[in-house]
1. Label-point separation (nm) for Ala443 and Ala755, each offset 7 Å from Cα along Cα-to-Cβ?
2. From the cross-link list Lys200/Lys291; Lys102/Lys215; Lys102/Lys208; Lys654/Lys684, which pairs have alpha carbons spaced over 23 Å apart?
3. Give the ranking of Ile740, Ile799, Ile72 by solvent-accessible surface, highest area first, calculated with a 1.4 Å probe.
4. Could you tally up the Lys pairs in region 687-775 with alpha carbons closer than 30 Å? Skip any pair fewer than 8 positions apart unless they're on separate chains.
5. Ordering His817, His251, His594 by how much accessible area each has at a 1.4 Å probe, largest first, what is the list?
6. Can you pick out the pairs among Lys638/Lys662; Lys494/Lys608; Lys641/Lys672; Lys216/Lys246 whose Cα atoms lie more than 18 Å from each other?
7. Pull out the extension gain between Lys291 and Leu872, defined as 0.36 nm times the separation in residues minus the alpha carbon to alpha carbon distance; nm, one decimal.
8. If ligands, DNA and RNA are left out, what is the accessible area of Lys343 with a 1.4 Å probe, given in Å² to the nearest 10?
Amino acid sequence: MHLVNDDFYSFLSTTAPPSDLSPGTPVPDEDSVVFSKLTYLGCASVNAPRSEVEALRMVSILRSQCQMPLDITLSVPGVSEGTVRLLDPQTSTEISNYPIYKILFCVRGHDGTPESDCFAFTESHYNSEIFRIHVFRCEIQEAVSRILYSFATAFRRSANKASLTAKAPPLTPDTDVFTFTVSLEIKEDDGKGTFSAVSKDKDRQSFKLRPGMDKKIVIYVQQTSNKELAIERCFGLLLSPGKNVKNSDMHLLDLESMGKSSDGKSYIITGSWNPNTPQFQAVNEETPKDKFMYMTTAVDLVITEVEEPVRFLLETRVRVCSPNDRLFWPFSKRSYTETFYLKLRPVSTSSERKSNSDTLYEVVSVESETERERRKTTASPGILSSGSHDNDEPLLSGSGDVSKECGEKILETWGDLLSKWHLNLAVRPKQLPALVRSGVPEALRGEVWQLLAGCHNNDHLVEEYRTLITKESPQDSAITRDINRTFPAHDYFKDTGGDGQDSLYKICKAYSVYDEEIGYCQGQSFLAAVLLLHMPEEQAFSVLVKIMFEYGLRELFKQNFEDLHCKFFQLERLMQEYIPDLYAHFLNLGLEAHMYASQWFLTLFTAKFPLYMVFHIIDLLLCEGISVIFNVALALLKTSKDDLLQTDFEGALKFFRVPVPKRYRSEENAKKLMELACSMKVTKKLKKYEKEYHTIREQQEQQEAPIERYERENRRLQEANMRLEQENDDLAHELVSSKIALRKDLDNAEEKADALNKELLITKQKLVESEDEKRRLEEESAQLKEMCRRELDKSESEIKKNGSIIGEYKQVNTHTHTHTHALTHSPLMKVEGCEKCSILFSKEGRLKVLSASKEGSEEDTDEEKEALKNQLREMELELAQTKLQLVEAECKIQVPQLLNTYLIPDITTHYMKMYTSRCLKWIKTFHQSCPKTKIRGSTGH
């Protein structure tokens with residue numbers, strides 16, 4: 001916790017509170033300072049609870065935006081174990097409260113700013129990953145420093161300073177060991193932006209990991225015995241693949257958060273783990289099938305009263321699965337829990353201490369339950385003697401494994417019995433008691449217990465249970481406190497907030513509402529837990545109701561435990577008859593039955609003894625009644641007589657608490673004890689002793705003076721009256737708190753309703769606008785469709801027109817080509833038709849070598865040859881020009897459509913006429929120049 005602003009620290013020397021602040025108003029805390037004339041501006045979520053910048057920003061926002069400030073009185077405790085309370089200034093009724101250990105940071109507004117009269121603190125909300133800031137404004141600006149000074153006083157653990165001035169209290173062998181339960185949970189990125197707890201293999205108890213996924217390590221530390229030690233912070237969270245690793249092989253993880261849980265019972269540390277780093281490669285590669293590996297996790301804690309950091313080391317099995325494997329979640333096993341025994345001794349008075357140190361103890365040893373079991377197995381396979389170190393700590397409730405294996409003959413016998421019993425559930429089979437004395441098979445206990453208790457037709461209780469769990473219990477805090485201490489050694493119940501604890505809480509809460517006269521009594525949770533291990537919640541509740549009402553267990557809690565005292569008298573009379581020497585020894589020691597047997601009767605032996613023995617006792621209880629408790633108690637005393645006769649008063653109490661339950665961890669010893677208990681016949685004697693007890697009580701009442709009797713009765717009535725007044729005050733407090741909460745909820749609901757109405761109007765307006773826009777767009781769409789349709793029709797008509805033009809164009813080209821070809825070949829045809837010309841030209845229009853000229857060389861003269869050659873050259877030149885013009889005409893055919901359509905025929909006609917005229921001219925000239933032609937012409941050819 002940091003308290004910012006230099007002005008605050010300069011004010012710490014001022015010890016007297018301002019007179020306007022009324023610090024003398026009484027509040028629930030004895031040592032607290034009360035400040036009035038304050039206004040609560042509201043709260044908001046923050047991501048960085050220890051950031052001054054973000055805190056000041058939220059103060060500024062809430063101060064400017066607060067519309068409904070709430071006048072309050074603030075109570076700040078003087079010790080770190082206290083609670084900050086917000087009170088109604090009119091009635092001094094508590095509105096809200098915040099334990100000091102959950103407050104993380106305090107800040108005040110800077111001088112010269114509008115926020116100078118404001119202060120705020122951040123706190124962890126519900127769990128260590130959600131944080132809120134609460135902002136207040138002071139009517140008297142100078143009071144801010146005084147308020148923060150009171151916070152600083154609480155943060156300095158002033159409650160511990162008085163004890164530090166004296167010597168550390170001496171530790172006895174019973175108190176030098178502090179028990180912690182440390183739970184490990186591995187969370188994995190689920191691909192949705194959150195981290196989910198990984199599952200565990202039911203058979204091998206190994207965590208099932210996936211390669212390449214970011215992970216988080218979450219450690220839960222909870223102290224379960226001895227004086228509570230204050231955990232200041234986590235010094236480091238380390239991880240390494242393997243088992244029995246060296247300190248140098250451990251790798252430090254990045255810490256994300258640390259702090260107490262919402263209920264204040266556990267200390268939670270969260271660290272991030274990137275498995276893709278080289279040092280964690282071994283636990284990032286797929287593990288072969290049916291194999292597993294070990295992983296070691298260490299957490300170093302700084303404890304205020306301990307001189308050095310304390311390390312808890314957890315070795316767990318892990319298995320890296322294929323990314324394609326489907327991981328099925330078990331119903332509760334998502335964490336690994338280990339019990340540690342921290343042995344301390346007081347720091348020597350001669351050793352130097354710092355003046356401001358809280359150190360009281362130094363570490364002697366830290367040992368886990370696994371190491372203890374391993375050492376016990378190595379040292380001695382048998383039961384340890386009462387003087388061994390193992391007996392220093394009592395056996396945790398819920399210890400011991402109960403196998404479901406059973407012989408085939410026993411199962412067949414029970415199967416036949418159950419078949420007959422189901423035919424007539426109103427009558428128990430004759431052979432049932434004999435079978436129950438040997439123990440009900442574990443696999444059948446759930447069914448048999450319900451039949452023994454008469455819960456075969458309990459639909460009304462089942463329906464009532466479902467209604468009861470929805471109601472509030474006035475003993476909710478006591479139930480919640482006991483839940484974490486019930487069966488901490490059992491996997492189903494040891495996880496804080498797990499399925500087991502949740503079901504157990506609901507059953508205890510439902511019974512406290514169901515039985516208003518007795519309500520919830522300490523010890524009921526152990527019996528409910530035993531039932532939960534064998535049947536669902538509804539059936540467990542039904543059997544619990546039957547045991548409490550029909551087996552007489554609730555009578556032990558009535559009339560100032562009068563019936564319980566009768567049970568103690570009966571037990572002592574049985575001891576006097578069956579174990580007279582032990583009875584005489586206890587009488588000399590002044591050891592009475594209520595000093596060691598209270599828990600036996602109130603919890604039916606379920607609190608401290610191994611589960612194998614506990615289940616067998618419940619078998620007999622449901623079959624034969626509550627008198628079985630006397631049989632078991634007498635058998636315990638008889639088998640432990642020799643050891644108890646050698647003890648003194650304290651030694652006897654310790655023997656009942658530690659060695660006696662541990663002696664029956666062995667199933668063989670437990671069976672022998674239960675056989676001895678079943679062999680004792682005490683029912684008739686119990687009735688006799690009960691009459692003796694009531695006779696003695698009547699004699700005592702008669703001998704008692706009337707005034708003393710009336711005074712005693714008056715004291716009893718006064719106590720009852722005080723209890724009822726306290727309950728009335730509590731109910732009135734709850735009523736006022738509920739009214740305030742309901743008023744706030746109603747105001748919030750009205751604000752939300754107004755906001756929703758405004759949003760509805762805006763939404764309706766937007767809907768109308770959207771519909772108008774829709775209609776406009778539909779009209780535009782129709783217009784566009786019509787336009788497109790017209791354009792499409794126009795395009796289709798143009799396509800048809802262009803198609804006809806192209807067809808005509810093709811026909812014209814064909815016609816032009818045919819006509820041009822005809823024009824090209826017509827002169828040649830005429831040349832071929834002339835005998836003279838065909839001699840001179842080939843079919844292609846080329847000049848031949850004239851053989852005729854050789855024959856008539858004698859007749860023709862040189863001039864004529866020369867003239868013919870000249871004419872021939874002229875003809876060839878004209879022919880070449882004609883071909884050139886023909887090529888040009890063919891190229892011009894490619895001119896655009898209109899030119900081709902209207903101009904080409906004229907050009908072609910023009911060239912045809914020119915070519916025809918030249919050809920005719922040439923032929924005419926040729927005929928004129930040719931002698932034969934001249935002769936023929938002269939002869940009329």
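1. About 5.9 nm separates the two model spin labels.
2. Those over the limit are Lys102/Lys215; Lys102/Lys208; Lys654/Lys684.
3. Descending order: Ile799, Ile740, Ile72.
4. 11
5. Order by accessible area, largest first: His817, His594, His251.
6. Beyond 18 Å: Lys216/Lys246.
7. My answer for the length gained is 198.1 nm.
8. 60 Å²
The values are calculated or read from the model by the stated rules, or taken from the named source; none is laboratory data. This structure is a prediction, so every number in the text was calculated from the model and none was measured. Reconstructed Cβ throughout: ideal geometry from the backbone, glycine too, with neighbour counts over all protein chains shown. Note: areas computed on protein heavy atoms with side chains; ligands, DNA, RNA excluded. Shrake-Rupley method; radii C 1.70, N 1.55, O 1.52, S 1.80 Å.
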